[in-house]
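Read-outs: derived from the displayed coordinates by stated rules, not from any lab. Quick caveat, the model's predicted, so the values are computed rather than measured. Positions of Cβ are generated from backbone atoms using ideal geometry, with glycine treated the same way; all protein chains shown enter the neighbour counts.
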């Protein structure tokens with residue numbers, strides 16, 4: 001930094017300082033959420049039990065910040081006489097091909113497995129797609145082969 005006036009050197013150092021800390025402050029929440037998801041997945045994996053979820057409905061959702069279309073699956077399951085109602089979002093372009101309103105009605109009341117922690121049943125994951133099963137090293141069941149036709153037009 002030799003040859004630079006003192007004022008320009010200070011401006012450069014201040015910009016570097018705030019730039020680096022700005023990046024760190026933006027990255028920290030993502031890192032924190034990643035760690036929480038990883039811990040939740042480990043707890044589910046090590047204390048796993050299964051229940052059956054019933055799809056209550058599917059709706060389109062646009063995430064306003066990104067403008068990305070998601071399909072939100074509303075479902076419920078029961079564990080030890082407690083009813084849990086949840087929803088999960090899937091990116092439309094990643095998972096679906098021409099998943100129209102008619103097909104959304106066909107998915108209603110269909111059953112899918114839920115993997116959950118026996119210690120804390122609110123920590124769970126509904127298993128709908130191949131990728132959901134593979135995250136927990138589970139084979140995709142033959143009983144769900146019908147869903148490929150519905151979701152992927154296969």
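At a 10 Å Cβ-Cβ cut-off, how would you order 112, 140, fewest neighbours first? Each step should come with its number before you reach the end.
Numbers: 112 21, 140 16.
The most exposed by this proxy come first: 140, 112.
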Using a basic spin-label model with each label point 7 Å from the Cα along Cα→Cβ, how many nm lie between residue 64 and residue 85? 2.3 nm
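Per Stokes-Einstein, at 4 °C and 1.567 mPa s, what whole-number D in µm² s⁻¹ belongs to region 95-154, with the Kirkwood radius over Cα pairs as the hydrodynamic radius?
Values: Rh = 12.8 Å.
Once the numbers are plugged in, D ends up at 101 µm²/s.
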Cα→Cβ-extended label distance, 7 Å offset, between residue 72 and residue 145, nm: 3.5 nm
Extension gain residue 15-residue 105, at 0.36 nm per residue separation less the Cα-Cα distance, in nm? 26.9 nm
Rank these for me by crowding, 146, 130, going from fewest to most other beta carbons within 10 Å. 146, 130
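At a 10 Å Cβ-Cβ cut-off, how would you order 44, 20, fewest neighbours first?
Values: 44 22, 20 10.
Ascending Cβ contact count within 10 Å gives the list 20, 44.
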The computed P(r) of region 47-152 puts the percent of Cα pairs beyond 22 Å at 32 percent
